[in-house]
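Participant: To start, I am sharing the structure in question, which I have written as structure tokens.
The values are calculated or read from the model by the stated rules, or taken from the named source; none is laboratory data. This structure is a prediction, so every number in the text was calculated from the model and none was measured. Don't worry about glycine lacking a Cβ; one is built from the backbone with ideal geometry, like all the others, and counts go over all protein chains shown.
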Amino acid sequence: MDTGHNIVRVSEVTRTFRMGTQVVQALKGVDLSIQSGEYLSIMGPSGSGKSTLFNMIGGLDKPSTGKVYIDEVDIAQLDAYELAWLRNRKIGYIFQTFNLIQVMTALENVTLPMIFAGMSNDESVEKGLELLGLVGLRERHAHKPNELSGGQQQRVAIARSLANTPAIILADEPTGNLDLTTGEEIIALLKHLSSERGVTVISATHDHKMLAVSDRVVWIRDGRIDKIESRDQLNISVGTISSKDA
Amino acid sequence: MALGKSASAFFDTGGKKISRQVVLPFRKSLEISIKSIKVRFFRSMITVIGLILAVAFLGFVLAGAEVASGMLRSGDPELRNVLVKAGYDLPAEPPVDAAGRLMPESVGAGAKERWIVILSLLVCTVGIVNAQLMAVTERFREIGTMKCLGALDSFVLRLFLLEAGMQGFVGALIGAVFGAVAALLAGLVRFGLPALTWLPVGGLVMAVGAAIGVGFVLSLAGVVYPAVVAARMRPVEAMRVQE
């Protein structure tokens, strides 16, 4: 595994939202460093600030105070064009609801980010087919999303997220809309990609199956980091969690 | 594109062979918008039908005026009487200049007719704005996803303008031709063959062209606000869970 630099660094980040007259503080000062090549899960109940932190890391939201660095660049300094570039090349997104573009085939969905990146048509088709092959859907490349099962759609989405060989893959509840077995397949695929290709995988989840493959788990509670556990510590606590659940 | 100092170093790392840009070639955007229209054909049809009707009305009025003008320019007092009887607002005697020659006359659309046309076009534009706003809400996830994949505001804007432009052109074309044909048939029924024999072809083409132009422009005008709303949408919207 690449134990190199910090691919994401979050420093004293707070985020406040104004809801009507009320001011809600979703994040109350978070510090976090994520190493390149790491498989990191962010866990926490809904309303904990998990999604806010996740969006921050993905360059989808800017902090009220504090800094978020992606590859040591402060994302608050980037203009709209540079942010689009960042989303296009540095980050691959995977969504709970798959978010394939319905009017396009699987292959067209995978090639779209490459088109944005200025790749030629032939090149992008070749790479798109290769990526679909990687997720085991090469022969279904001409199918529209509504002709694919949930698990297949999510695999297309994973292929799409890899389109421009990003450094980071952000997965927002990637197994949230999938059944148990399909969810496990997706998790295995993500883990495989992370270790094979050295991609940093960051996922927000409350799927406990994710814990087993994570290098580190960040627990968010009430806008702060409750605890960060690395894998060796996890084996113990997973037991307690599942017993708590049962 | 001017980049900050730290930013340019950052952009070098990923750039390598690929040029450091975010693009959507025009051909590709055309392809995407045609696909979107095809997939939402029924919905596009409803938007377009409103436009077709309004433009058909405009075309009907403009072409009808051409028919009457043609008959008037024939200089045949008989035809002039027919027009007066049909309710065209003309002086009892044709105007003559100082030397006693007939002066060329023309008939435009009556004031009342003009108002109805303007009103129908206004209603049609409001209808387009409404339909396009709904289309934007329906597609917020798609737009958000595209933005997550690196689409700029301008890509989204362009897609919506292209779609509306194509819908507008096709709708206006159908409407204008439909309206002009209806006006010719109506002329034929009311005035008989002279309606067609004296028809100024250039004027008719101009009338149809004007109706198409107006329809096209209205369609684009109607989509500007919805398209700006869509383009400004934040990529976070793609993360929303509810269907």
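Participant: Determine, yes or no, whether A:Val135 is in contact (Cβ under 8 Å) with a residue 40 or more places away in the chain and more than 10 Å from chain B (Cβ to nearest Cβ).
Facilitator: Answer is yes for this residue.
Participant: A:Ile42 fails exactly one of the following numbered conditions: (1) at pLDDT below 90; (2) under 12 Å from the mean Cα position of the chain (by Cα). What is the number of that condition?
Facilitator: Exception for A:Ile42: condition (1).
Participant: Sort out which residues of the range B:121-152 are away from every other protein chain (no Cβ under 14 Å) and either surrounded by fewer than 16 Cβ atoms within 10 Å (Cβ to Cβ) or among the β-branched types (Val, Ile, Thr) (or both), and write them in order of number.
Facilitator: B:Leu122, B:Val123, B:Thr125, B:Val126, B:Ile128, B:Val129, B:Asn130, B:Met134, B:Val136, B:Thr137 - these are the residues of the range B:121-152 that are away from every other protein chain (no Cβ under 14 Å) and either surrounded by fewer than 16 Cβ atoms within 10 Å (Cβ to Cβ) or among the β-branched types (Val, Ile, Thr) (or both).
Participant: With (1) touching a Phe, Trp or Tyr at 6+ places or on another chain (Cβ under 8 Å); (2) buried (at least 19 other Cβ atoms within 10 Å of the Cβ) as the list, and A:Leu132 as the residue in question, which single condition is left unmet?
Facilitator: Here A:Leu132 clears every test but (1).
Participant: Grab the helices (runs of 4 or more DSSP H) fully contained in the range B:138-243, keeping just those with 1 or more residues being out of contact with any helix residue (DSSP H, G or I) (no Cβ under 9 Å at 6 or more places or on another chain), farther than 28 Å from B:Gly127 by Cβ and modelled with pLDDT of 90 or more.
Facilitator: Where helices (runs of 4 or more DSSP H) fall fully within the range B:138-243 and carry at least 1 residues being out of contact with any helix residue (DSSP H, G or I) (no Cβ under 9 Å at 6 or more places or on another chain), farther than 28 Å from B:Gly127 by Cβ and modelled with pLDDT of 90 or more, they are B:201-232.
Participant: Could you give every pair whose Cβ atoms fall below 8 Å, whose first residue belongs to the range A:169-186 and is under 27 Å from A:Val8 (Cα atoms), and whose second residue is in a helix (DSSP H, G or I) and among the basic types (Lys, Arg), counting only separations of at least 6 or pairs across chains?
Facilitator: A:Thr175/A:Lys209; A:Gly183/A:Lys209; A:Glu184/A:Lys209; A:Ile186/A:Arg155
Participant: Please determine whether any residue of the range B:47-57 is at pLDDT below 80, assigned to a helix (DSSP H, G or I) and either of a type in the set (Phe, Trp, Tyr) or touching a strand residue (DSSP E or B) at 6+ places or on another chain (Cβ under 6 Å) (or both).
Facilitator: Looking for residues that are at pLDDT below 80, assigned to a helix (DSSP H, G or I) and either of a type in the set (Phe, Trp, Tyr) or touching a strand residue (DSSP E or B) at 6+ places or on another chain (Cβ under 6 Å) (or both), one finds none in the range B:47-57, hence no.
Participant: Restricted to the range B:31-48, and to residues that are touching a residue at least 40 places away in the same chain (Cβ under 8 Å) and away from every other protein chain (no Cβ under 14 Å), which residue is farthest from B:Phe216 (Cα to Cα)?
Facilitator: Applying the filter and picking the extreme gives B:Ile46.
Participant: I would also like to ask the following. Do we have A:Gln102 as free of Cβ contacts under 8 Å to residues at least 60 places away in the same chain and at the interface with chain B (Cβ under 8 Å from one of its Cβ atoms) here?
Facilitator: yes
Participant: Between residues in the range A:147-162 that are closer than 14 Å to A:Tyr93 by Cβ and residues that are among the hydroxyl-bearing types (Ser, Thr, Tyr), which pairs lie under 7 Å by C-beta distance while being six or more apart or on different chains?
Facilitator: Note: pairs meeting the criteria are A:Ser161/A:Tyr93.
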